[in-house]
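Every read-out reported here was derived from the displayed coordinates using simple, explicitly stated rules and does not represent laboratory data. Worth saying up front: this structure is predicted, and the values here are computed from it rather than measured. Cβ placement follows ideal geometry from the backbone for every residue including glycine, while neighbour counts extend to all protein chains displayed.
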Amino acid sequence: MPEDNESALIARAKEDPEAFGLLYERYVGNIYNYIYYRTGNHHDAEDLTARTFLRALKHVSRYVDRGAPFSAWLYRIAHNLVANWHRDRNRRQIISLDDLVMRALKREEPAALAEEREERDRLLDVIRRLPPERQQLLILKFVEQMSNAEIGEVMGRTEGAIKSLYHRTLVALRKELTNERDGRGKGTGRTSDG
Amino acid sequence: MDRMDQNEERAIEMLAAHGDVLINRREAVPRTDMSDEEHGRLAPLFQLAERLQENMYPVQPSAAFVRGLGKELVENAKRQIALTKRLRRAVLIGAAALGSLLSVASVVGAIVYVIARSRARAQAQAIHTPTSHAEGAPA
């Protein structure tokens, strides 16, 4: 992680727009990925990424460097925005543009590919049902390919706590996937019976 | 209970090591480090981690979006910094004006106080000073 000049860059970003621009370029990919895996579509990922950085810009003058990575602060802002997004979405059942496009694509692609895509979508759907911190752990580990120590810095936990959370997350995810598969199996059975 | 804790500790460490191998953070964990029983117990979790590794990969935001947002942020930052500077200057001017107003008020107050005090003293003297006519009057 680029720590050496990060503190200096953050201090400069409070007075210098170009410095904030550099911080943006450094982290836009990470924040976008985090939001994409939490929301499941590019349209909302773009919208919430923009809001994350606009909010960060608004409050950067009050940012206090306590030694944690700057990305931890950005992830926290993104986390809050995603939580609000989920709340709003639950209130008004919305079908995103991405979903509609995907549905159209699925109808046209070969069966094997469609099945593979469905399998991935199902896995990501189940991941999105996990508590936010467990989702964040999986995103930082597999998408950002961070070590447990780096994840610990971002999430404000020890390396040991991250290892333990990873274990619990895999156990919970496996259980969820099994429940889902069983549920689907029963669902299919009922349909064919009827 | 202790044995259970130990087993869980081992499972946590092995899963963490396996995860590090998946993201190329360390060399492969030798199979000999695990008993058959351990491997059997952890195999479904290893497979799940491998599935996650295959399906969770970085996605790229569109270049147009990154460029557009970057431009918007720099413009916003410029506006925000200019506004902060203007606000800071206004606060400074306001404080200076208030300061000078206060110092003028305190000078005026001091003058008024001195005048009022000397007037009061003169009045008090006028009341208490006996007239020479009264002193020389016959009994």
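Computed values, structure above
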item	result
Listed peptides B:108-118, B:56-66 by packing density, highest first (mean Cβ within 10 Å)	B:56-66, B:108-118
Degrees, to the nearest 10: A:111-128 long Cα axis against longest axis of chain A	60 degrees
Test item: B:49-57 mean partner chain Cβ contacts at 10 Å	6
Modelled FRET efficiency - R0 30 Å, A:D88 with B:R86, Cβ distances, 0.05 increments	0.25
Cα long-axis angle, helix A:97-108 against chain A (0 to 90 degrees, to the nearest 10)	40 degrees
Cβ charges +1 (Lys, Arg) and -1 (Asp, Glu), total dipole of the protein assembly as shown, debye	2060 debye
Within segment A:48-81, backbone nitrogen closer than 19 Å to the virtual label 7 Å beyond the Cα of A:A8 toward Cβ	A:65-71
Computed E for A:E116/B:R10 - FRET, C-beta separation, R0 35 angstrom, nearest 0.05	0.55
For chain A, built as a Gaussian network whose Cα springs stay under 10 Å, the top-fluctuating residue of A:A149, A:A111, A:A13	A:A111
Potential extension, B:A126-B:K71 segment - 0.36 nm per residue separation minus Cα distance	11.6 nm
Shielding by partners, peptide A:167-178 (average Cβ within 10 angstrom, other chains)	4
Kirkwood hydrodynamic radius over Cα pairs of segment A:109-194, then Stokes diffusion coefficient at 25 °C and 0.890 mPa s, in µm²/s	166 µm²/s
Rounded, prolate or oblate (a/c below 1.5 giving rounded, otherwise prolate when a/b exceeds b/c) for chain B by Cα gyration tensor	oblate
Average beta carbon contacts from partner chains per residue of B:76-82, 10 Å cutoff	5
Cα-Cα pairs of the protein assembly as shown separated by more than 31 Å (percent)	53 percent
Translational diffusion coefficient (Stokes-Einstein; Kirkwood radius from C-alpha pairs) of segment A:38-96 at 37 °C, 0.692 mPa s, in µm²/s	261 µm²/s
